[in-house]
Amino acid sequence: MALSRIGKKPITLPKGVKYTVQTGSVLVEGPKGKTTALIPPGISLDEKEGVLNVVLNENGSSAMHGLARALVFNAVEGVTNGWKKELDVIGIGYRVELKGKDMVVFTLGYSHPIEFPLPAGIEVAIDPKQTHVTVSGIDRQKVGQVAADMRSLRKPDPYKNKGVRYSDEKLKKKVGKTGAK
């Protein structure tokens, strides 16, 4: 039985982080809140001196070993430091503003502003220039999904480099049409 390379890595539990194993999942509590991570059947958790190991049982799948470790690690990291994604809004007249506590309004060159409701557990910070958005929360999957949904409102245009993109995303600018000779 081959073990997963990622699944073998130990997870260090920072101070103030507690976990409770339930049927099919684990509840992780920390300074920033609490979240749950799914544990597939055939996988168990073993703690020794503040280090958590994900153990593959006899009837477990080695493919699920690495997945379970990654999900538990993401939950532990989320309740201690949190996760964040940064987006840039690029284009003349393109901007973002916060309306209330749970509504983000995008002005992206369409005939109408786009209202984007925020799900529970997700926070958004917008810089004073209204062109930089930081999405943060304790659930890595939810943070990534909200950032991807915001980006899909106006994907980066390869010809004019306008649109909503991740801050670390590199775009290759394409050359437009050339005149007929």
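For the stretch 162-169, the condition holds for at least one residue, the condition being that it is surrounded by 15 or more Cβ atoms within 10 Å (Cβ to Cβ), over 14 Å from the mean Cα position of the chain (by Cα) and β-branched (Val, Ile, Thr). The strands (runs of 3 or more DSSP E) falling completely within the stretch 1-87 that include 1 or more residues that are among the hydroxyl-bearing types (Ser, Thr, Tyr) and closer than 30 Å to VAL164 by Cα map to 33-38.
Considering only the stretch 105-116, how many residues are part of a strand (DSSP E or B), more than 18 Å from the chain's Cα centre (by Cα) and not polar (S, T, N, Q)?
Within the stretch 105-116, the first condition is being part of a strand (DSSP E or B), and the residues that meet it are 105-107, 114-116.
Keeping just the survivors that are more than 18 Å from the chain's Cα centre (by Cα) gives 105-107, 114-115.
Going one step further and asking which of them are not polar (S, T, N, Q), we end up with 105-106, 114-115.
Number of matching residues: 4.
Under the condition of being under 13 Å from LYS18 (Cα atoms) and surrounded by 14 or more Cβ atoms within 10 Å (Cβ to Cβ), the residues counted in the stretch 46-60 number 1. Restricting attention to the stretch 66-85, which residues are farther than 18 Å from GLY121 by Cβ and either surrounded by fewer than 20 Cβ atoms within 10 Å (Cβ to Cβ) or not basic (Lys, Arg) (or both)? The answer is GLY66, LEU67, ALA68, ALA70, VAL72, PHE73. Being under 30 Å from ALA37 (Cα atoms) and touching a Phe, Trp or Tyr at 6+ places or on another chain (Cβ under 8 Å) is the filter here, so list the residues in the stretch 99-143 that pass it. Passing the criteria: MET103, VAL104, PHE116, SER136, GLY137, ILE138, ASP139, ARG140, VAL143.
On the given criteria, is ALA63 among the aliphatic types (A, V, I, L, M), over 15 Å from VAL21 (Cβ atoms) and either at pLDDT below 90 or crowded, with 20+ Cβ neighbours inside 10 Å (or both)?
Working: among the aliphatic types (A, V, I, L, M): yes; over 15 Å from VAL21 (Cβ atoms): yes; either at pLDDT below 90 or crowded, with 20+ Cβ neighbours inside 10 Å (or both): yes.
Yes, satisfied.
If I filter the stretch 67-75 for residues that are farther than 23 Å from VAL143 by Cβ and either touching a Leu at 6+ places or on another chain (Cβ under 7 Å) or not assigned by TED's automatic domain parsing to the domain that holds ALA120 (or both), do I get at least one hit?
Our first condition is that a residue be farther than 23 Å from VAL143 by Cβ; within the stretch 67-75, this holds for none.
Taking every residue of the stretch 67-75 in turn, none turns out to be farther than 23 Å from VAL143 by Cβ and either touching a Leu at 6+ places or on another chain (Cβ under 7 Å) or not assigned by TED's automatic domain parsing to the domain that holds ALA120 (or both).
In the condition set (1) outside the structural domain of VAL146 (by TED's automatic domain parsing); (2) in a loop (DSSP other than H, G, I, E, B); (3) among the β-branched types (Val, Ile, Thr), ILE92 is compliant with all but (1). Of all the listed residues (PRO119, PRO128, PRO158), the sole one being surrounded by fewer than 17 Cβ atoms within 10 Å (Cβ to Cβ) and either outside any loop (DSSP other than H, G, I, E, B) or under 14 Å from the mean Cα position of the chain (by Cα) (or both) is PRO119.
The values are calculated or read from the model by the stated rules, or taken from the named source; none is laboratory data. Nothing here was measured: the structure is a model prediction, and the numbers come from that model. All Cβ positions, even for glycine, are placed from backbone atoms using ideal geometry, and neighbour counts span all protein chains on display.
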